[in-house]
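Every number in this text was worked out from the coordinates using simple rules, so none of it is lab data. All values derive from a computational prediction rather than experimental measurement. With ideal geometry, Cβ positions are generated from the backbone for all residues, glycine too; neighbour counts draw on all protein chains shown.
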Amino acid sequence: MARFGKLIVLLQILLALAGIGWAVKNWIKPEVGPRRDGRKAGPAPVEAAPVLHGPIERRKTFSGTLEARAEFVVAPKIAGRVEWLAVDLSDTVSQYQIVAHLDDDEFVQAVMQAEADLAVAKANVAEAESALKIAERELERVQTLRTQGIVSESQLDSTIAAQLAKRAALEVAHAQVVRSEAALQTAKIRLGYTKVIASWGGDEGQRVVAERFVNEGDTVSANAPLMSIVSLHPINGVVFVTEKDYGRLNVGQAVALSTDAYPDRSFQGRIARISPVFRQASRQARVEVTVNNPEQLLKPGMFVRADVVLDRVEEATLVPVEALARRDGKSGVFVVAANGETVAWRPVAVGIQEGRHVQVHGEGIQGRVVTLGQQLIEDGSRITIPESHHGEPRPAGP
């Protein structure tokens, strides 16, 4: 029983202490906002920041990849065995440079055969010319004898036919020479195809080997890829944008690109092309950015971030994002009175946001605005601001 009595006494003491704590808490709690009994409420503690005036930009960062502005795949026009390769991966290649050589024994032999055929054709021409001269002299002799009545008309006709046949034979011999010359030229061209040359359009003098597909000693077919040669300066950055941002982009617009490979550098470029259609699967449009790359630091396939200024206002009214509040479904800010003791509610229209500041449109937005404690105040409420938040408005700048 004695033990039970001690528990009851202890419980009573705890209840008494709880009641005292509740009373003290309610006694020292500051009153903010309107009181139920109609008495004047105490000032609400808030924090404030100055209203700024200056430029602000709407920036958007798009993710994308780098692509070579131009790519040329080197391929032989004939089949053959690769004897040697003049360049390898990452080597610089000049316009019209020989990059590979195929086995040419068969084609050298073809050229020699064509040269021999041409020599035979020219010999046939010489023989046909000699035969024609003999036939022409014979025709002159027979015509003279015919005028003297020594030979018959039929003999003259036979001589004329023989002379015409020799003339036709000469023309055939000349045609054979032309054909042999053409065959020789074809053989020489095919022999030239054994030297694979890098040739591309435009006046760009040098490119870089991006990929090699064969090794020395491989046998390749005609038009089989040997290597890929790309242009790295300038280079293209490719991003895809949604309908929301599409209308704010223009050809020639400046773009700043960054990549994880060089985190401390920014590469400047400009929008070169904007696709006129959206992809049905993603509902995005392709945008190409041309980026100067004289040091060739940027490589095709790299992941990049493209920072674009979509909009800019030179003179805007700026407040901290934390200053925005909602009352009756409308956005606004609480402007601190000049004496720092009361606030006034000012509805605003929100514009561009950059970092911790946002552009606002409205009447009477000047001085300072409340950034913390808006839930404790209404239009005309009394406030108190800690000493650390009594500073004057600073110069403009987000």
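Of the GluC sites (Glu not before Pro) found in the stretch 199-270, those that fall in a DSSP loop while having at most 14 other beta-carbon atoms within 10 Å are E204, E216. Taking the helices alone, the chain has a mean residue ellipticity at 222 nm of -10500 deg cm²/dmol, built from -39,500 (n - 2.57) per DSSP H run of at least 4 residues and averaged over all its residues. If we count every other residue with Cβ under 10 angstrom of T290's Cβ, Lys/Arg +1 and Asp/Glu -1, where does the sum land? My count for the surroundings of T290 gives +2.
Here the gap between V321 and R146, fully extended at 0.36 nm per residue and compared with their Cα-Cα distance, gives a gain of 50.7 nm.
May I ask for the angle, rounded to the nearest 10°, between helix 2-28 and the longest principal axis of the chain, with both axes built from Cα atoms and the value confined to 0 to 90°? Approximately 70 degrees, to the nearest 10.
Note on V108 and D307: the model spin-label points, each 7 Å out from Cα along the C-beta direction, lie 6.2 nm apart.
The modelled label-to-label distance for the pair R137/A161, using points 7 Å beyond Cα in the direction of Cβ, is 2.4 nm. Electrostatic tally near F267: other residues with Cβ closer than 11 Å to its Cβ, Lys and Arg +1, Asp and Glu -1, net 0. Taking chymotrypsin sites (Phe, Trp or Tyr not before Pro) in DSSP loop states with no more than 14 other Cβ atoms inside 10 Å as exposed sites, the chain has its longest site-free stretch at 214-398. When its C-alpha radius of gyration is set against 2.2 N^0.38 Å (N residues), the stretch 105-192 gives a value of 1.62. Where [x] 85, 38, 20; [y] 35, 25, 20; [z] 100, 28, 17 are the candidate values, the label of the one calculated here for semi-axes √(5λ) of the Cα gyration tensor in Å is [z]. Loop-located trypsin sites (Lys or Arg not before Pro) in the stretch 321-370 (DSSP state not H, G, I, E or B) with no more than 16 neighbouring Cβ atoms inside 10 Å: R356.
One Cα centroid belongs to the stretch 160-233, the other to the stretch 259-301; the line between them spans 39 Å.
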